[in-house]
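Could you have a look at this structure, given as structure tokens, before my questions?
Here, each number is a calculation from the coordinates, and none is a lab measurement. Quick caveat: nothing in here was measured; it's all calculated off a predicted structure. Cβ sites come from the backbone with ideal geometry, for glycine too, and all protein chains shown count toward neighbours.
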Amino acid sequence: MKLFTVEQMVAAEKTADAQGNSYAQMMETAGRSLAEAISERYSIENASVLVLVGPGNNGGDGLVAGRYLAEAGADVAFYLFKPRDPAADENYAKIQQMGLFAVEAGFDQRFRVLRTRLNITDILIDALLGTGVTRPIEGDLAKLMQQAAAGLEERRADLADAGRSALTNLTDFSDKVTRRQGDRVNSPSQITLSPGHLVTPSPGHPVTVAVDCPSGLNCDTGELDPVALPADLTVTFAGPKRGHFIFPGATAVGELVVADIGITPEMVGDVPVAVMTLELTRELLPPRPKDGHKGTFGKLLIAAGCEQYRGAPLLAARGAFRAGAGLVALAVPTTLRLGISIALPEATYAEVEEEGMLTAVSAQHIHQTAGDYDALLVGPGLGDADDFITTLFPADGGAPDLPTLIDADGLNGLARLENWWERLPANCVLTPHPGEMSRLMDIPLSELKGKDRIETALAQAQKWNQVVLLKGAYTVVAALDGRATLLPFANPVLAVGGSGDVLSGVITALLGQGLAPYDAARLGGALHSLAGELSGRTQGALAAEIADFIPEAAHLLAE
């Protein structure tokens, strides 16, 4: 599934129209799909629906959706920001023929009709502006949106008051615990690769549904106008837009659903950025043959850890095993072995003699034994092991020739070397968080934060000639051939020490099972993110617990 800029989406629609999928047909399909998405999530029979209709195609989508919802039994009203001529607007003419209530904002003094209707609204459809917003919202439209927001807030307050009991149950805490124990998310139907994966079965308060994007969201930059209406559900068309995944705009999107409007891959043109989907993730899962053995599923070497960071290699190895690795050997300082062997007896150990930190001696040993392994992970918790890094990745380019992932202190060590990327072998995966990325690029972190994350990852992957996984909310995986994939996850449960070590182990395990670096990085990132979702939490999960959800995530995808 492609991730579009606004310009790319406009070009795709123009091509589709030229090839016979007319704008009118796309609008009809979009509106019908919007109504279907709403009907699948909320009780429509006798629900009060208000459609805010803008002057452009976004408003036309709203008119079509409202018509379908009315036919399904909803009580639908339309509030038009600008007049529409039924003689020239077929969709507006159709709702008039159905006798549905519609009012123009110009005839609504002090927004009395709008506020009165909002007092009974269950579902508000925001079809005002769509993807073309680039300027601040001002004047009459800003006033309308402010009134809509105030009316929704008033409606929610009234419903909360009406539903508030005069009784306080002091055993409610234990009741919640009992119910929560049976609420673990195990059903594939409850998981989507989109921001906000749990679907509300019926509106317990007025919900807002955005058509294509919340009005006031810049779909290229993620900027959010102060008067924008945050959505509970956004239904976008053909593919998501970049602004859906850029903060602060991403906070206003809610659940994101993509509707097919008949724009085929041949109509899209050159759009190099994709979004990870369940289908793609499932396709990338490596096979698990029943007659497989330890060697079938990859033998990995993890060079990590120092006296100050004893847990990093353990977490990386745990992630690797949970992702299906057959054998995991650890090149760690000798002082770490006892603790790791107690916590993870499945691991084996490379011949390392150093006590507190890996040195050039261990790097030379890895050079000599690299052929015994299918993939190599370098970096978690290494500390300032500069001699180890410079010896493992010498200036003459004689690095170990096997799929390699470099993370954490491995990246920091490289960043201290001039033209460090020239030292690396082919088929590497680099997994920096923003701080590490700024050091690799030799720019201040504040400057990096001002750059487009997708474009930055793409540019550096091509400059460094390696796959780059730029961590963060909506992680970006960039290939060296100009492709990139965005992972549509933003879960703060993953923001915990050691989570990145687990991710490194997962990706390295996939490299060892034969996946190409780009595929291993994006599948590993998706499994890691999905494990966080499966934890059912937004805080308090340990990195080891995230690792332990990896098999469940893989099983879920395989179903």
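Starting from the 7 Å offset along Cα-to-Cβ, what nm value, one decimal, do you get for the label separation of Glu266 and Asp384?
So the two model labels end up 6.1 nm from each other.
Sort Arg156, Arg318 by Cβ crowding within 10 Å, fewest neighbours at the top.
Arg156, Arg318
Measure off 7 Å from each Cα along the Cα-to-Cβ vector at Glu45 and Leu278, then give the distance between these two points in nanometres to one decimal.
Spacing of the two 7 Å Cα→Cβ label points: 2.6 nm.
Here's another thing I want to ask about it. Sequence neighbours fewer than 8 away in the same chain don't count; with that in mind, list the lysines whose C-alpha is under 30 Å from Lys471.
Lys2, Lys241, Lys299, Lys449, Lys451, Lys463
Please report how far the C-alpha centroid of the range 237-251 lies from that of the range 1-32, rounded to the nearest whole angstrom.
Using only Cα atoms to place each centre, the spacing works out to 17 Å.
If the only charges are +1 at each Lys and Arg Cβ and -1 at each Asp and Glu Cβ, what is the size of the charge dipole of the range 400-559 around the Cα centre, to the nearest 20 debye?
340
Moving on. Would you order Ile263, Ile340 from fewest to most other beta-carbon atoms within 10 Å of each residue's own beta-carbon? Each step should come with its number before you reach the end.
Details: Ile263 23, Ile340 20.
Taking fewest neighbouring Cβ atoms as first place, the list is Ile340, Ile263.
What shape does the range 407-491 have by the C-alpha gyration tensor, where a ≥ b ≥ c are the square roots of the eigenvalues, rounded means a/c under 1.5, and otherwise prolate means a/b greater than b/c and oblate the rest?
Numbers: a/c = 1.62, a/b = 1.22, b/c = 1.33.
Judged from the Cα gyration tensor, the range 407-491 comes out oblate (a/c at least 1.5, b/c at or above a/b).
On full extension of the chain, what length is gained from Leu285 through Thr538, given 0.36 nm per residue of separation minus the C-alpha to C-alpha distance? Write down the numbers at each step before the final one.
Numbers: separation 253, 0.36 × 253 = 91.08 nm, distance 2.61 nm.
Length difference between fully extended and current span is 88.5 nm.
Treat every Asp and Glu Cβ in the chain as -1 and every Lys and Arg Cβ as +1, leave all other atoms uncharged, and give the resulting dipole magnitude about the Cα centre to the nearest 20 debye.
On the way: 43 positive and 68 negative charges, 182 e Å.
In total the dipole reaches around 880 debye.
How much length, in nm to one decimal, is gained on full extension between Asn169 and His205, taken as 0.36 nm per residue of separation minus their Cα-Cα distance?
Full extension of this stretch gives 10.7 nm more.
With everything on Cα atoms, drop me the angle between helix 139-163 and the longest principal axis of the chain, reported from 0 to 90° to the nearest 10.
80
Net charge around Gly130, counting only other residues with Cβ within less than 12 Å of its Cβ (Lys, Arg = +1; Asp, Glu = -1)?
On the way: positive: Lys241; negative: Glu13, Asp61, Asp126, Asp212.
Computed value for this residue: -3.
Take Gln97 and Glu545, extend 7 Å from each Cα along the Cα→Cβ direction, and tell me the distance between the two endpoints in nm.
Placing both labels 7 Å along Cα→Cβ, they lie 5.8 nm apart.
Related question: So for the range 41-176, taking the charge dipole from beta-carbon charges (+1 Lys/Arg, -1 Asp/Glu), which of Thr171, Gln146, Ile95 sits furthest toward the positive end?
Among Thr171, Gln146, Ile95, the one farthest towards the positive end of the dipole of the range 41-176 is Gln146.
So, counting K/R as plus one and D/E as minus one, what does the shell of residues with Cβ under 13 Å around Met26 add up to?
Within the 13 Å Cβ shell, the charges total -4.
Moving on to the next point. Taking H as built 1.01 Å from N, whose amide H comes closer than 5 Å to the amide H of Thr475, not counting residues under 5 places away?
Leu487, Phe489
Here is a further query. Expressed as an acute angle from 0 to 90° and rounded to the nearest 10, what is the orientation of the C-alpha long axis of helix 334-343 relative to the principal long axis of the chain?
Orientation of helix 334-343: about 50 degrees from the principal axis.
Using a ≥ b ≥ c from the Cα gyration tensor of the range 347-437 (square roots of the eigenvalues), is it rounded, prolate or oblate, where a/c under 1.5 gives rounded and otherwise the larger of a/b and b/c decides, a/b for prolate?
Rounded shape, in that the Cα axes give a/c under 1.5.
I want the antiparallel fraction of DSSP beta bridges within the range 222-357, as a percent rounded to 5.
Beta bridges within the range 222-357, antiparallel portion: roughly 15 percent.
Would any residue of the range 288-329 have its amide N under 12 Å from a label point 7 Å out along Cα→Cβ of Glu353? List them or say none.
Hits in the range 288-329 for Glu353 at 12 Å: none.
How would you rank Val51, Val493, going from fewest to most other Cβ atoms within 10 Å of each one's own Cβ? Working shown, then result.
Details: Val51 29, Val493 19.
Taking fewest neighbouring Cβ atoms as first place, the list is Val493, Val51.
Continuing with this model, one more query. Tally the DSSP beta bridges in the chain and give the antiparallel ones as a percent, rounded to 5.
15
So what is the diffusion coefficient of the range 282-432 in µm² per second by Stokes-Einstein at 20 °C and 1.002 mPa s, using a Kirkwood Rh over Cα pairs?
For the chosen part, D equals 138 µm²/s.
In addition: Any aspartates and glutamates with Cα under 15 Å of the Lys14 Cα? List them, leaving off those in the same chain fewer than 8 positions away.
Glu266, Asp270
Using alpha carbons only, how many degrees (0 to 90, rounded to 10) separate the axis of helix 172-181 from the longest principal axis of the chain?
Result, in degrees: 60.
Provide the descending list of Cα extents for the chain along its principal axes, expressed in whole angstroms.
Here the Cα extents, ordered largest to smallest, are 83, 61, 48 Å.
If R0 is 56 Å, what FRET efficiency do you get for Ala395 and Arg135 from their C-beta distance, rounded to 0.05?
Given R0 = 56 Å and the Cβ-Cβ separation, E is 0.60.
Using 0.36 nm per residue of separation minus the Cα-Cα distance, give me the extension gain between Glu90 and Gln308 in nm, one decimal.
In short, 71.5 nm is gained.
Does the range 433-559 classify as rounded, prolate or oblate by the C-alpha gyration tensor (a ≥ b ≥ c root eigenvalues; a/c under 1.5 gives rounded; else a/b over b/c gives prolate, otherwise oblate)? Write down the numbers at each step before the final one.
Details: a/c = 2.10, a/b = 1.37, b/c = 1.53.
Note, shape of the range 433-559 comes out oblate.
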